[in-house]
Every structure is written in structure tokens, then in C-alpha cells.
1. Could you please let me know if Ala47 is surrounded by 16 or more Cβ atoms within 10 Å (Cβ to Cβ) and at pLDDT below 95?
2. When segment 88-112 is examined, which residues are found to be open to solvent by 30 Å² or more (accessible area, probe 1.4 Å) and in a helix (DSSP H, G or I)?
3. Say we look at segment 51-87 and pick out the residues that are within 19 Å of Thr39 (Cβ to Cβ), among the charged types (D, E, K, R) and part of a helix (DSSP H, G or I); which of these is most open to solvent (accessible area, probe 1.4 Å)?
4. Select from segment 185-224 the residues that are more than 25 Å from Gln247 (Cα to Cα) and out of contact with any Phe, Trp or Tyr (no Cβ under 6 Å at 6 or more places or on another chain) and write down the one among them that is least open to solvent (accessible area, probe 1.4 Å).
5. Name the residues in segment 33-44 that are surrounded by 19 or more Cβ atoms within 10 Å (Cβ to Cβ) and β-branched (Val, Ile, Thr), would you?
6. Among what's in segment 144-157 and is in contact with a helix residue (DSSP H, G or I) (Cβ under 7 Å, 6 or more places away or on another chain) and either touching a residue at least 60 places away in the same chain (Cβ under 8 Å) or surrounded by fewer than 21 Cβ atoms within 10 Å (Cβ to Cβ) (or both), pick the residue that is farthest from Gln188 (Cα to Cα).
7. What pairs come up if the first residue lies in segment 356-379 and is closer than 12 Å to Cys319 by Cα and open to solvent by less than 60 Å² (accessible area, probe 1.4 Å), the second is assigned to a helix (DSSP H, G or I) and of a type in the set (Phe, Trp, Tyr), and their beta carbons are under 8 Å apart, counting only those six or more places apart or on different chains?
8. Based on this model, can you work out whether His237 counts as in a helix (DSSP H, G or I) and more than 19 Å from Cys278 (Cα to Cα)?
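The values are calculated or read from the model by the stated rules, or taken from the named source; none is laboratory data. Note that the structure is a prediction, hence the values are computed from the model and not measured. Reconstructed Cβ throughout: ideal geometry from the backbone, glycine too, with neighbour counts over all protein chains shown. Ligands, DNA and RNA are stripped out before the accessible areas are found, and what is left, the full protein with its side chains, is counted by its heavy atoms. Shrake-Rupley method; radii C 1.70, N 1.55, O 1.52, S 1.80 Å.
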Amino acid sequence: MKLQKLKHMQDTEIIHLVEAMGARAEEFFGQDSYGTAETWFRRVVRAKSFVKWYKPHQTLWACLQVVECLLSQNRFREAQQLQQGLHSTIERIFSADHDVFVQSMELNAEILGSLGFAAEKETVRRQVLQIRLVALGMRHPATVFALENLGAALDSLDRHGEAQQLLEASIRFWFERVKDSGDSFESQVSILWDLAVLAKTLRDDGRYDESENVLDFAHNSFADATRLWSASTFEYHYERAVSYKLQKRFENSKKILRGLLKYHLNYMSPHMSTRVMCELAGILMETGRQREAASWYKKEYRLSLKIYGPTHGYAMECCKDIRFCYADQSRYNEGKLFFEEVIELLDSSSEEPNSRTSCIREINTWMEELEEMRVEDSMEWSSKTSESVDSERELIENDEDDDYEDMSDIPDPLDY
């Protein structure tokens, strides 16, 4: 709809158009078509500018939906800039317990977590919980969602005891809700998510047997929920794979991780995908498949570049994993070439200069360590065919030499 046409429409026509476009935007968002949904939500905002008197809160709500679309597309800086500008307006118009106000805060928490600010995310999650407790009471579902979100945030800060208490409280609530209102599949999905995060909390706290027991309970109680794709389903299967890895049951773990990548890569968020790739690469390193591990570490690194940018801590950790992978295979020259490409990428990026300089300095240190390893290994190295420095170019993108296992017989983890 062109701006010129909107100028000549009656208010009632614009209102009908706004409602129709909003429904269309929500439909695309529900289908995970976030780019298209963003376009439609922006159209809603533009059309609403001609009828500012009509449901003013709806305009800010549509703006927040644009933020959520940006967040879902991993455009974190854009999302943060827009959310911060909106929230100052929201604070002037709405009370702290208004849904628009709370939604803005929840989006802020998600953005902060995505950008690596775990402590700041926990602070906002705690504020949201306090608002929900005062406005709605302890037993409202929105309060329980705030409770479990705070529990997950605390776990990311290694405050496992606090996280466990909050997660167990939310699990008790959902069980009581199922008991009182019947077998609600929505409640089952919520419980499954809580149980998966609780299993992670116990695992992070070194309580591996208890973590395994929680996962067994989840499977035995909510088998149907583990077979339908959702964020809760992913967390359950991912935690199961990590649990198998800790038990040295590498084949079981690999089967789940490969299955997630084979059947659900298009449904996983980029952050989910990097987690799976990292765990799979780690298992391959432990089972003597270093060449394939290097490939998955590179895939993880490439994806982290798109999500976070080259100076983000997660991207640098991925880069560091590749260093160890090349060193374990005595592929020192390939490792050097890879890091030279990363430095070129950092030099040409638009990231903040001090961050780029710090990252380049760290990578140069890794290159020096690789050279020291090469020298120490020189006696053995001299008996082998030397690598050609020119034999590999564009190592960040090149996967031609990968040694993949056959994935044709890998089952979908949601089927068992």
C-alpha cells in the first residue's frame, strides 16, 4: 500500500486495513517467516500513523513486533536500538504492569542475552517477575513464565541452586494446572521445557545422575511432547545428547545430534544450530575423527559470524576451538592460514576498532602457540610429507577435504 493512497482513504478504511495487515503479519510470524512478518508489521505502523487516535497502544505493540522479528533474524544491534528508543516512549505512556511495557522488557532481556550480557539479562528478568507477582499473583501463568525465564537466566550465571528452586516451583505449578484442568498439551510442552532446563542446571552443577533421572522422567511422562517439534523438544533432545556424551555413550549422542542437523536444521534457530554443531564436533574430536570435527567447528564459526559478528566472545571461542582441532592433527600451516583469513576478516569489518585490535592480538597469540607446537613436533614432522602453504585457500569457506560419516541411516530423534 503506497503512502499516497493512504492519504486519500477514510479513517474507517484505514482501520480495516490495519486489522487485516496485522492478522497477515501474525500469520507470517507464526510460520517463522520473520522477514516477511517484519515487512507487514512495518506496514501496520505506517498505516496507523494516519489514525493515531485509534488504539494507540496497538501502534507500539506493532513496533515491538518489529523488534521481535529483528531478534528472530539475529539482527541484535538493530533490535536493541529500536527497542531502547521505543521503551522510553512506552515508559511515558503505560504503567509498569501493562502488557506492552512488560513485553518491551522481555524483549530487552532476550536481546541482552543474545549479545552476551548475561548479568544484565538476569536483572531484567528479575524485574519482570516482580512486576508479574505484584500485578497477577504467584499462580498466574504469566508469572510462572517469568519465574522459569529467571531460572534459566540464573543457570547461565552458574547460580545453579537458585535456578533449581525456581524451575522446580514452576514445574509444580504446571503439574497442578494439568491436574486441575485436564491433560493440556500446552502445559506438557511447558513442563518439558522446565525439565530440560532443570536437567541442564543439575548437569552444570555436576549432579549428573540427578540430571539423567530428570530426563528419564521427562521421556516417560511426556513422550508425545518429545515427538512434536518445539523449542521445548529441542532442549530435551539436546540435553539428552549432552547427557550421553558425559556418560561416554558417544554413538547415542552422535545419533541425536546428527539427526537434529539432518531433519531439523531449517527449524532450529542459528543459536540452536551452533550448540548442536559444537557438541558434535567435540564428540568427533574425542572419537578420533578430527578432520570432520574441524569441518563442524568451521561451520559453527561461520554461523556465529552471521549471528554475532567477528569480535563477539562466542565467535572467538569457536575460532579457538578450530585452533585446537588443527593442532591435534598437526595441520599447523592450515591453522595458520585459517587465522590469517580471520585477521583479514577482522581488519575489513565495521566492528569497534578497540575490539578488533584486541581480537587480532589474541589470534596472533594463538598463531604463535601453533608455531611453537610445530617446532616441538618438528622431529616427527620432518619424516612426513610437508604441507604446502599454498595448498589450501579460503579455509573459512572450504570443506572439500572433510571426512564425513554416512548420515543416510541416521533416524529422526523425534521418532524414538
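1. yes
2. Matches in segment 88-112: Ser88, Thr89, Glu91, Arg92, Ile93, Asp99, Gln103, Glu106, Asn108, Glu110.
3. My answer is Glu78.
4. Val189
5. Across segment 33-44, the qualifying residue is only Val44.
6. Leu157
7. Within 8 Å, the pairs are Ile363/Phe339; Trp366/Phe339; Met367/Phe339.
8. Taking the combined requirement at face value, the residue does not satisfy it.
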